[in-house]
Amino acid sequence: MLRTIISNEWFTVLILLSVGILAFTRYSYNSRFIDFLGLLGNSKYLKIYSRDQKFIDQFESLLFTNLLISGTIFIYVCYGVLYSPVDFEWALFLKILLLFGTVLLIKVLIERLIGSVFEIDSLIHEYVFQKTNYKNYIGLVLLPLNVLLIYALPLSQTLIYAILGLIILINLSGFFTSIKANQKLILANFFYFILYLCALEIGPYIILYQVITD
């Protein structure tokens with residue numbers, strides 16, 4: 001079991017850091033944070049805040065920071081359960097965090113570049129806004145799940161796969177929300193849509209998986 005092999009001390013520090021970030025976000029953006037919590041249930045949040053989106057938004061940046069921390073902890077735990085238990089090492093943790101964050105940021109920058117090149121900035125900005133918020137929501141969900149994985153639940157591959165399935169479902173929910181909002185445009189450019197899926201939605205995560213496992 002992970003908790004008998006890996007020290008929990010640094011995980012505790014990182015989890016408390018994420019809790020602090022979310023508490024500050026809730027305090028500073030109370031109304032928006034409450035709307036964000038209902039993201040999966042309705043599109044109210046997306047309709048209200050997509051109109052005021054900025055290239056660098058403090059609210060999204062705080063949630064993205066939590067996503068990086070919580071996501072990296074989960075990747076670390078997954079590796080320990082699915083492959084080989086490892087002691088906590090800051091160098092390894094920071095490498096995973098940097099790689100994880102780089103993949104996410106490069107995807108966003110490339111998508112914005114595509115929007116600029118093909119003069120569909122407004123469409124791409126809305127699409128990126130939707131995807132970013134669903135990913136940030138995953139970070140929110142992962143925080144309590146990480147606590148349970150590290151301190152409470154007996155670890156198993158089945159449990160890890162169940163959580164991975166939940167993450168995929170949340171991602172798919174955001175993906176289909178975007179497709180529904182832009183279905184006419186997608187159908188008119190179906191070949192380019194498939195090309196985009198392979199290049200920017202599937203490819204980066206395959207590369208991330210291969211780098212981590214190697």
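The values are calculated or read from the model by the stated rules, or taken from the named source; none is laboratory data. Since the model is a prediction, treat every value here as computed from it, not as a measurement. Positions of Cβ are generated from backbone atoms using ideal geometry, with glycine treated the same way; all protein chains shown enter the neighbour counts.
Going through segment 67-86 one residue at a time, which ones are hydrophobic (A, V, I, L, M, F, W, C) and modelled with pLDDT of 80 or more?
Residues satisfying the conditions are 67, 68, 69, 73, 74, 75, 77, 78, 81, 82.
For (1) among the polar types (S, T, N, Q); (2) modelled with pLDDT of 65 or more; (3) exposed (fewer than 11 other Cβ atoms within 10 Å of the Cβ); (4) touching a helix residue (DSSP H, G or I) at 6+ places or on another chain (Cβ under 9 Å), each residue gets a yes or a no:
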{"site": "144", "(1), (2), (3), (4)": "no, yes, no, no"}
{"site": "161", "(1), (2), (3), (4)": "no, yes, no, yes"}
{"site": "174", "(1), (2), (3), (4)": "no, yes, no, yes"}
{"site": "177", "(1), (2), (3), (4)": "yes, yes, no, yes"}
{"site": "181", "(1), (2), (3), (4)": "no, yes, no, yes"}
{"site": "185", "(1), (2), (3), (4)": "no, no, no, yes"}
{"site": "190", "(1), (2), (3), (4)": "no, no, yes, no"}
{"site": "193", "(1), (2), (3), (4)": "no, no, no, yes"}
(request) Please go through segment 65-87 and pick out each residue that is surrounded by fewer than 20 Cβ atoms within 10 Å (Cβ to Cβ) and closer than 14 Å to residue 98 by Cα. (result) 65, 68, 75
(message) Restricting to segment 30-56, name every residue that is in a loop (DSSP other than H, G, I, E, B) and surrounded by fewer than 17 Cβ atoms within 10 Å (Cβ to Cβ).
(response) 38, 40, 41, 42, 43, 53, 54, 55, 56
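Residues checked against (1) part of a helix (DSSP H, G or I); (2) at pLDDT below 75:
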position: 88; (1), (2): no, no
position: 94; (1), (2): yes, no
position: 99; (1), (2): yes, no
position: 102; (1), (2): yes, no
position: 105; (1), (2): yes, no
position: 108; (1), (2): yes, no
position: 116; (1), (2): yes, yes
position: 125; (1), (2): yes, no
position: 128; (1), (2): yes, no
